[in-house]
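In what follows, a structure is listed as structure tokens, so that the remarks can point back to it.
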Amino acid sequence: MDVTCPNCGASNRSTSRFCARCGHDLHPTQNHEATSNNEPQSVDLPWLQGVQDRAVLPTDRLKADNLAQTPPTPSIPSIPFTSSTPPTASPGEQPATQQPTEPATTEEPPRTAPPDEAPPPWVVSILEPSVAPPPNVESYEPEEMAHIMPWTAGAPAEEGEAQPPGNPSLPPWLSDITVQETLQGSPTSAEETLPNAADLGLEDIEPFTPPDTEDEAPVAPAPPQEQEPHWLRSLRPPEEAAPQHLPLTRQANQPPQASSEPSPTETLVEPIARGLSVRPPRAGAVETLAALMQPSAETARRVLPDALVLPGATPNAAPTPTHVSAVRPNAARSWLFPDGIIYLVILAALLAVLIIRPPFGNVDAPAARGAQQFYNAIEAVPTNKPVLVVYDWEASRSAEMSLLSEAVIQHLMARRIRFVTVSTVPQGPGFAQQTTDAVKSSYGYEYGRDYLILGYLPGNEAALTSLMSDFNNLLPLDYVNSRNVSDTELARSTKISSMGDFSMIIDLASEEAELRNWIEQVSTRTGLPIIAAVPQGLEPIARPYENVPGAGIKALISGPTGAMQYSQELARGRGAALLNSDTISNRLNTQSVAQLLVALVIIAALITTGTKRALRR
Amino acid sequence: MIRRITTQIIPFLNLILAYVVGIISLIGFFTRGAFATLGGTLAQWVSVLVGFALLVGLANLVKVHVGRIFKREEGWLYSIVLVGSALTVLALGLIGGGPGTPSVAWAFKWIYQPLGAAVFSLLAFFLTTALFRTPRMRSREAIVLLIVAVIVVLGQAPFTSIPPLDVAAAVKDWILDYPALAGIRAIILGVAFGAIGISIRVLLGFDRPYLE
């Protein structure tokens, strides 16, 4: 039963919630009811209230501090989420939730939660890191953990040394930060997101190094301000300096410009720039992970644009302007390593091959499976029936396919076999004309009498199906002269009104889809034998169709090596001169060098990565 | 009444039409005779429609880019090149008397084919740098991929026909004959089963792509 959209009148399935045409809600009443049913009756969950307090209270206090220009550090109230009583603020603090300042005239019943309603584990892990279960460190490899937090891979604590509370493997200021939970809670781990960072040139960034333990209180938990690491303290301007508005983004050698409206980033970082106190990263927060991945100040100046470097980001250093000119050599270097080097080496090697012509290709053609089979298949074609040659390759594969197609046409002409070409790719007829024009003069072939080039056949599978039923009417005109096919000498001397009038299909395809269409739509229904010549990259995909009982590819050759061996077979068997022997030889030389280079690049990449990992261990 | 026709009757007719055409084509594929002839005729209509779609596409392309040229939008110089080259080749074909005239063949051989090959050849550079970056993924699959790639690339190189390098060619043949062939066959079978399922859903009316 269809549902009619009340907005546009379109018919939709009864199971659809929204209209497929206009997106209008098809069941507004049901959706509303479902939504209202799904809503909780009340939000009087104490643990949820605790989360809200933790989230809202610092913000409110921060706003208050901003107005008063006096930054006291608020203490976060402890939240007894195991009891059913609502959270209370610590003495001297304004509670985060809206408490009635005077007895309300319309009192609502106090929101109480069932006593046995415990908060979910992830809330416990945020509110009380010490209560939360220990993170599963085993899910990370040791070298990865050593890369993320190198201090965890250091020597174990000496005996008798007092350990700070919390995780003994972490420094005191980081003892309550659960980076692992952050990593594991995120669906995309840092390992998955790092490749982009590597592309930006962050590969050379050293992992964050924690401050020396000598500067920190070794045993007792330090006050919050002393727990701030150096890198965080560096973001704070000197205390003696009067708070002033600093520009957050600036150009080199350019005075700060006043802006009427602050940008979003200015709004975010404004408290820092104004000298307000900065809270340390919350436990398990994203900013903790971001802080751990901070590059050193020197690396940041080298990698990041000058406009993004905040003044005073260097520890114990005055804000000094950095110049754009210092970035440019690194940009050239980042382009040169490794991409530029690889590009230049490949280009130089290929040009050298074209100039010097090393004798790789002059050796006997490498073993190309199927070349002999392909040659025998064409040798077995009867001469009284034409062959259908399919030109289904595009210009991008012309380097390989032109060699193969010329060899095939040469073989057909050497045997005096008439043929008709057809294409399901728009570029196909052009290549058919180009190939046959290059070969026909050597064998005295004449267009219209010995061969025909039919045009492009749009429609893919449907086109082949219609070709099966009515060959003549589907392609009434030829491609070269735009004449009626029935008027040609070939059509008068030979019957070519259906697919059954051909003795074989030779598919010159550069894509798997075209090859598959001819096998599925034509060869299986007519039983015509089909042989294929494909690029070398397509050979693994075409091979499953080879020698399938009933219908399938009877023979398959691929690439320049296949063309070379097939041409040699043709020269031996038919005495035909190798039409493109120099061309094939040159291409084989180039291919050898290119493949060798690619292999060397892969080996270099493997060695580089292995060495880096070994050094990290 | 009109609303009922547009919202109920026409969609129902569309569903019936798609069902009938699909059934005829399906039966015509496996049989000979009337159904095969009718299926071939329907397929021929598809070819005609695709041909007209190409013409409409060309007209739309010219319209969009001519508008971009007149409005001096971003990239309008490229639009000039596109429209100019398209109309030039079209004019060469119309004046010469067909697509196979020498002028069109010249443009095809000396302009289109080198450009297409040049664009594709850039893939070699990008692929090589991508291979260099692949180990940074630090996954075992990437390492296995690279090792197999080295073997297959070296095995397909012409110089490996010389002993003892022909061992690489033998290893490459084994990889292509067994693991790669099995994987590709599995993929092809999976795609075929998926296509059958989608076709059945369309025939039974569960999916109606022609209404969207």
State the number of residues belonging to the stretch B:7-42 that are assigned to a helix (DSSP H, G or I), more than 8 Å from chain A (Cβ to nearest Cβ) and among the polar types (S, T, N, Q). 1
Count of residues meeting criterion [in a strand (DSSP E or B) and under 15 Å from residue A:499 (Cα atoms)] in the stretch A:378-392: 4
Please verify whether residue A:483 is of a type in the set (Lys, Arg), surrounded by fewer than 19 Cβ atoms within 10 Å (Cβ to Cβ) and more than 47 Å from the chain's Cα centre (by Cα), treating the condition exactly as stated. yes
Failed item, numbered, when residue B:47 is tested on (1) loosely packed, with under 12 Cβ neighbours inside 10 Å; (2) in a helix (DSSP H, G or I): (1)
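Rundown of residues vs (1) free of Cβ contacts under 8 Å to residues at least 12 places away in the same chain; (2) among the hydroxyl-bearing types (Ser, Thr, Tyr); (3) away from every other protein chain (no Cβ under 11 Å), yes/no style:
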position: A:437; (1), (2), (3): yes, no, no
position: A:447; (1), (2), (3): no, yes, no
position: A:451; (1), (2), (3): no, yes, yes
position: A:456; (1), (2), (3): no, yes, no
position: A:460; (1), (2), (3): no, no, no
position: A:463; (1), (2), (3): no, no, no
position: A:467; (1), (2), (3): no, no, no
position: A:471; (1), (2), (3): no, no, no
position: A:482; (1), (2), (3): yes, yes, no
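Residue-wise test of (1) more than 21 Å from residue B:166 (Cα to Cα); (2) facing chain B (nearest Cβ under 10 Å); (3) touching a Lys or Arg at 6+ places or on another chain (Cβ under 7 Å).
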| position | (1), (2), (3) |
| --- | --- |
| A:524 | yes, yes, no |
| A:562 | no, no, no |
| A:568 | no, no, no |
| A:574 | yes, no, no |
| A:587 | no, yes, no |
| A:610 | yes, yes, no |
When the stretch B:101-115 is examined, which residues are found to be facing another protein chain (nearest Cβ under 9 Å) and either outside any helix (DSSP H, G or I) or surrounded by fewer than 12 Cβ atoms within 10 Å (Cβ to Cβ) (or both)? B:101
For residue B:98, indicate whether it is in a helix (DSSP H, G or I) and in contact with a Ser or Thr (Cβ under 6 Å, 6 or more places away or on another chain). no
Given (1) at the interface with chain A (Cβ under 7 Å from one of its Cβ atoms); (2) of a type outside the set (D, E, K, R); (3) surrounded by 18 or more Cβ atoms within 10 Å (Cβ to Cβ), identify the lone condition not met by residue B:152. (1)
Residues in the stretch B:61-76 that are part of a helix (DSSP H, G or I) and surrounded by 11 or more Cβ atoms within 10 Å (Cβ to Cβ): how many? 10
Across the stretch A:570-592, the tally of residues that are surrounded by fewer than 20 Cβ atoms within 10 Å (Cβ to Cβ), modelled with pLDDT of 80 or more and touching a helix residue (DSSP H, G or I) at 6+ places or on another chain (Cβ under 6 Å) stands at 1
Based on what the data block shows, is residue A:472 modelled with pLDDT under 90 and over 46 Å from the mean Cα position of the chain (by Cα)? yes
Pick from the stretch B:155-167 the residues that are over 30 Å from the mean Cα position of the chain (by Cα) and in a helix (DSSP H, G or I): which of them is farthest from the other protein chains (Cβ to nearest Cβ)? B:167
Do we find that residue B:107 is closer than 20 Å to residue A:394 by Cα and either of a type in the set (A, V, I, L, M) or at pLDDT 90 or above (or both) in this structure? yes
Residues of the stretch A:409-435 being farther than 17 Å from residue A:488 by Cα, within 14 Å of chain B (Cβ to nearest Cβ) and outside any loop (DSSP other than H, G, I, E, B), in sequence order, are A:423, A:428, A:429, A:430, A:431, A:432, A:434, A:435
Evaluation of residue A:536 against (1) in contact with an Asp or Glu (Cβ under 6 Å, 6 or more places away or on another chain); (2) at pLDDT below 90; (3) of a type outside the set (Gly, Ala, Ser); (4) under 26 Å from residue B:184 (Cα atoms) (one fails), failing number: (1)
Answer from B:182, B:170 - the residue that is exposed (fewer than 15 other Cβ atoms within 10 Å of the Cβ) and either at pLDDT 90 or above or away from chain A (no Cβ under 12 Å) (or both): B:182
Restricting to the stretch A:595-608, what's the tally of residues that are over 11 Å from residue B:133 (Cα atoms) and either touching a residue at least 60 places away in the same chain (Cβ under 8 Å) or at the interface with chain B (Cβ under 7 Å from one of its Cβ atoms) (or both)? 6
Tally up the residues in the stretch B:120-131 that are at the interface with chain A (Cβ under 7 Å from one of its Cβ atoms) and within 14 Å of residue A:394 (Cβ to Cβ), please. 1
Quick check on residue B:98: is it within 25 Å of residue A:394 (Cα to Cα) and at pLDDT below 90? yes
Which residue pairs have Cβ atoms under 6 Å apart, sit 6 or more places apart or on different chains, and have a first residue in the stretch B:119-130 that is within 19 Å of residue A:600 (Cα to Cα) and a second that is part of a helix (DSSP H, G or I)? B:125/A:343; B:128/A:342; B:128/A:598; B:128/A:601; B:129/A:339; B:129/A:342
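The values are calculated or read from the model by the stated rules, or taken from the named source; none is laboratory data. Fair warning: this is a prediction, and the values are worked out from it, not measured in the lab. Virtual Cβ from ideal backbone geometry, glycine too; neighbours counted across all protein chains shown.
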